[in-house]
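FYI, it's all coordinate maths here, none of it is from the lab. For clarity, every value in this text was computed on a predicted model and none was experimentally measured. Positions of Cβ are generated from backbone atoms using ideal geometry, with glycine treated the same way; all protein chains shown enter the neighbour counts.
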Amino acid sequence: MPDPEQIQKNYIGLPLRSILAIAGFSLVVLGALFVFPEFFRHSQASVRGSNPEENIIGAFPVVVPTVKYGFALDTFQTVEGEVQRGQILGQLLSRYGLSAENIEILFQRSNGVFRVQDFQTGKPYLLMSKNLDKGLDHLVYEPSLYEYFVFHLKDSLWIEHVERPVETRTQIAEGTIESSLWQAMEDNGASPALIAKLEDALQWSIDFHHLQQGDYFRALYDQQFVEETEVDPGKVHAAVYRTGGKEHYAIYYEHSDEKGYYDLQGRPMNKGFLKAPVRFSRISSHFNLSRFHPILKRVRPHFGTDYAAPYGTEILAVGQGEVIEASYSSGNGNYVKIRHNKQITTQYLHMQRFAKGIRRGTKIRQGQVIGYVGSTGLATGPHVCFRFWMNGKQVNHLRMNFPPPDPLPKEELGKFFQYRDELLAKLNNTGDKGTQTEAKGAVTSP
Ligand SMILES: [Zn+2]
């Protein structure tokens, strides 16, 4: 429950300033590739269309030939636009002189290549013509950086689907914890994709709710590029997180039919329990045997840890097991209880609703979504009250030390150590691949 006295004022969450630097970096790249050339061309050609959304750029000679979508754009008259709400492809083509008959033929030929109804609001298109008075030569529609469609409209009517090659480069992200992730995301609207992957890699060894200012992380991960523009991050191969004088490593490794993160000794990390049942949350109330209850206004032990998060946030099972209760009570609201093994049971309270298929007897894997954050039952705001039983007794899971799982089998361990050392050399950049920028939040190629 949100218990004001227990919320630390300067809460340190998972704040990855460097991630923002990475986001900023990709914005700069985008800016360089797209915004600037547009400005450049407009400054050369100032013919404007009657529609303020579109700029007609005449076939003026330019210094640098601009090649886009495989066309030398400067040899065409072009009209750029964005699909407007309710705009239909046929109407657009008709406005630029394509006959109803030809539109019909084109749409028939679009079968299996392009769905005409997928002409989506807000996506860019480009019209090209050698002479706009004599109709269009091509229309290019670009639903994403990954692909575009070329509608050939002059001699033969056909549609071409072009998928841009995706290049993957292994990069390093590093940073020092300085403020809260929530704050950072709110302020900057940063994409959490890489943060989520880092959390996935380290979630068994780091409690992301107790990060300290000055904590340091470094990760070796795949970044995907389309024409030099960063798109989605791929796999995190290795990561280290330094806190309180300790270093926690996660090494991604695949063998036979198993894959996942391992520690430096080759012990699988996912055999333990996740440190928290909600991502991007904060602890609003700790396990506390003499807690003053904010609703009941009296001292009542708090046998759980409260994770505050927005309504509808996914709640994850901290380990594999079986649902033994998925039910409602006036105090708990909607709650799920999972039995993980002979000793350990966990419970998740105040859910808005259960995830699909969650009922008594459902088998659960670690990290599976079991419900969504709410405030049903005795709760003042949206949160999960997370409870942990060890041998029938409620305990503070944040204080538990579980016995480490067995490492990889002996015959596999040698291979693992060799692979681990290769990754660590790249992660720590002790190889001979040259120097590396050490600026905070730097993204570098090893
Ligand atoms: Zn609670």
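Over 24 Å between C-alpha atoms is what I'm after, so list which of K68/K154; K246/K415; K342/K410; K275/K415 land there.
Long pairs (Cα-Cα over 24 Å): K246/K415; K342/K410; K275/K415.
If we count every other residue with Cβ under 12 angstrom of K197's Cβ, Lys/Arg +1 and Asp/Glu -1, where does the sum land?
Once all neighbours under 12 Å are counted, the net charge is -2.
Under a Cβ-Cβ cut-off of 13 Å, what is the net charge of the residues other than D222 that fall near it, where Lys and Arg count +1 and Asp and Glu count -1?
It works out to a net charge of +1.
In nanometres, what is the gap between the two model label sites at E228 and K134, each 7 Å from Cα along Cα-to-Cβ?
Output for this residue pair reads 3.5 nm.
How much of the pair distance distribution for region 231-302 lies past 20 Å, counting alpha-carbon pairs only, in percent?
Tail of P(r) above 20 Å: 57 percent of Cα pairs.
Considering only DSSP states other than H, G, I, E and B, which trypsin sites (Lys or Arg not before Pro) in region 297-373 qualify as loop sites with at most 12 other Cβ atoms within 10 Å?
Here the sparse-neighbourhood loop sites are K297, R298, K342, K356, R359, R360, R365.
Against the 2.2 N^0.38 Å scaling, with N counting residues, where does region 236-355 land? I'd like the Cα-based Rg ratio to two decimal places.
The reported ratio for this selection is 1.30.
Write down the Å³ per residue value for the convex hull defined by the alpha carbon atoms of region 351-403.
138
Each residue of region 249-262 in order: what ³J(HN,Hα) in whole Hz does its phi give by Karplus 6.51 cos²θ - 1.76 cosθ + 1.60, θ = phi - 60°, with x for Gly and Pro?
Per-residue couplings from phi come out as 10, 9, 10, 7, 9, 10, 8, 5, 9, 10, 8, x, 9, 10 Hz.
Report, by chain and number, residues whose modeled amide H sits under 5 Å from the one on W158, excluding near sequence neighbours (fewer than 5 apart, same chain).
The answer is H152.
Within 13 Å, Cβ to Cβ, of H350, how many net charges do the neighbouring residues add up to if Lys/Arg are +1 and Asp/Glu are -1?
Details: positive: R353, R387; negative: D306.
Charge balance in the 13 Å sphere: +1.
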